[in-house]
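Below: the structure, in structure tokens.
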Amino acid sequence: MKKHYYTIGEVSNLLQIKPHIIRYWESEFPQLHPGKTRGGNRKYSQKDIDLLRAIADMLHNQRYTIQGARKKLRDSSRCDEQLGTQVESPKVLLKRKIAKELRNVRDLLRSS
């Protein structure tokens with residue numbers, strides 16, 4: 001059964017990101033704002049987890065700086081508001097990137 005909210009420890013284990021990094025990203029990315037319990041513990045929704053995955057992908061795989069990732073998220077959220085679409089998951093972005101690279105390889109092979 002899927003939970004509605006996760007603790008920072010659960011999110012940390014799930015994403016393999018240390019809790020202090022997650023807390024730091026909360027201060028750097030205004031879109032990332034988990035709720036808190038009465039006791040002050042963070043509670044992360046699936047949307048928060050998806051956003052953390054996207055941030056991790058941009059910083060670690062796509063080699064964005066924090067400032068660059070923040071700008072990309074801000075720009076994509078503006079675009080999404082205008083178009084009424086959802087932000088694509090890192091998995092979908094990776095699939096698109098791989099497909100593009102494969103098309104480039106195919107075109108190179110055809111031209112030789």
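For the stretch 60-104, taking the residues that are out of contact with any helix residue (DSSP H, G or I) (no Cβ under 8 Å at 6 or more places or on another chain) and among the small types (Gly, Ala, Ser), the one that is modelled with the lowest pLDDT is identified as Gly84. When the stretch 13-38 is filtered for residues that are over 22 Å from Ser76 (Cα atoms), in a helix (DSSP H, G or I) and either touching a Gly at 6+ places or on another chain (Cβ under 7 Å) or among the hydrophobic types (A, V, I, L, M, F, W, C) (or both), the ones remaining, listed by number, are Leu14, Leu15, Pro19, Ile21.
Could you check the stretch 28-82 and list, in sequence order, the residues that are small (Gly, Ala, Ser) and touching a residue at least 40 places away in the same chain (Cβ under 8 Å)?
Of all residues in the stretch 28-82, those small (Gly, Ala, Ser) come to 35, 39-40, 45, 54, 56, 68-69, 76-77.
Listed by number, the residues that qualify are Ser45, Ala56, Ala69, Ser77.
Can you tell me which of Lys36, Lys43, Lys18, Lys3 is of a type in the set (Lys, Arg), touching a Pro at 6+ places or on another chain (Cβ under 9 Å) and over 22 Å from Val92 (Cα atoms)? Quick ask: steps written out before the conclusion?
Details: Lys36 fails: touching a Pro at 6+ places or on another chain (Cβ under 9 Å); Lys18 fails: touching a Pro at 6+ places or on another chain (Cβ under 9 Å); Lys3 fails: touching a Pro at 6+ places or on another chain (Cβ under 9 Å).
Being of a type in the set (Lys, Arg), touching a Pro at 6+ places or on another chain (Cβ under 9 Å) and over 22 Å from Val92 (Cα atoms) holds for just one of Lys36, Lys43, Lys18, Lys3, which is Lys43.
The values are calculated or read from the model by the stated rules, or taken from the named source; none is laboratory data. Keep in mind it's a predicted model, so treat the numbers as computed, not measured. Counting neighbours? That spans all protein chains shown, and the Cβs are built from the backbone with ideal geometry, glycine included.
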